Amino acid sequence: MAMLKTKDASASLCRKGFVEVVGKHHKYYFFHNNGIKTLIKTYISHGDKELNDYLQGQMAKQTKLAKKDFVDLISCELSEEGYIKLLKANRYL
């Protein structure tokens with residue numbers, strides 16, 4: 001799979017209902033549904049410029065998605081509504 005830029009991933013996550021919290025070593029992203037914080041979260045290290053295949057897989061697991069769906073979420077092929085439907089179908093929400 002292609003590398004994803006961390007700044008694109010960050011911006012996309014924030015548009016899809018994730019709230020960014022900047023920590024000392026990482027940027028954390030917590031998913032909020034209808035204004036309520038859920039247990040779904042992921043993070044990006046401050047030093048990372050691109051998300052390689054391994055990191056994409058790890059973030060996909062953390063966001064409760066298959067890797068292809070995670071890439072679709074970041075590339076805006078999967079909307080926030082579509083993401084919520086997948087989470088509900090798999091009983092994460």
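In the set 27, 61, 41, 67, only one residue is in contact with a Gly (Cβ under 9 Å, 6 or more places away or on another chain) and of a type outside the set (Gly, Ala, Ser); that residue is 67. Within the stretch 17-45, the set of residues being more than 15 Å from residue 93 (Cα to Cα) and out of contact with any Lys or Arg (no Cβ under 7 Å at 6 or more places or on another chain) comprises 19, 21, 22, 23, 24, 25, 26, 27, 42, 45. For first residues located in the stretch 59-76 and closer than 15 Å to residue 38 by Cβ, partners that are surrounded by fewer than 20 Cβ atoms within 10 Å (Cβ to Cβ) and among the aromatic types (Phe, Trp, Tyr) and lie 6+ apart or on another chain with Cβ distances below 7 Å form the pairs 64/92.
Across the stretch 14-64, what is the total count of residues that are of a type in the set (Ser, Thr, Tyr), part of a strand (DSSP E or B) and over 21 Å from residue 87 (Cβ atoms)?
1
One line per residue, one yes/no per condition, for (1) over 12 Å from the mean Cα position of the chain (by Cα); (2) farther than 20 Å from residue 19 by Cα:
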| position | (1), (2) |
| --- | --- |
| 60 | no, no |
| 64 | no, no |
| 69 | no, no |
| 82 | yes, no |
| 88 | yes, no |
| 91 | yes, yes |
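Filtering the stretch 22-71 to residues that are surrounded by 12 or more Cβ atoms within 10 Å (Cβ to Cβ) and among the aliphatic types (A, V, I, L, M) leaves 40, 44, 51, 55, 59, 60, 65, 66, 71. The number of residues in the stretch 1-21 being free of Cβ contacts under 8 Å to residues at least 60 places away in the same chain, of a type in the set (A, V, I, L, M, F, W, C) and in contact with a Phe, Trp or Tyr (Cβ under 8 Å, 6 or more places away or on another chain) comes to 4.
Taken together, the values in this text are just the output of simple stated rules run on the coordinates, not laboratory data. Treat the numbers as computed from the prediction; the structure is a model and nothing was measured. Cβ: placed from backbone, ideal geometry, glycine included. Neighbour counts: every protein chain shown.
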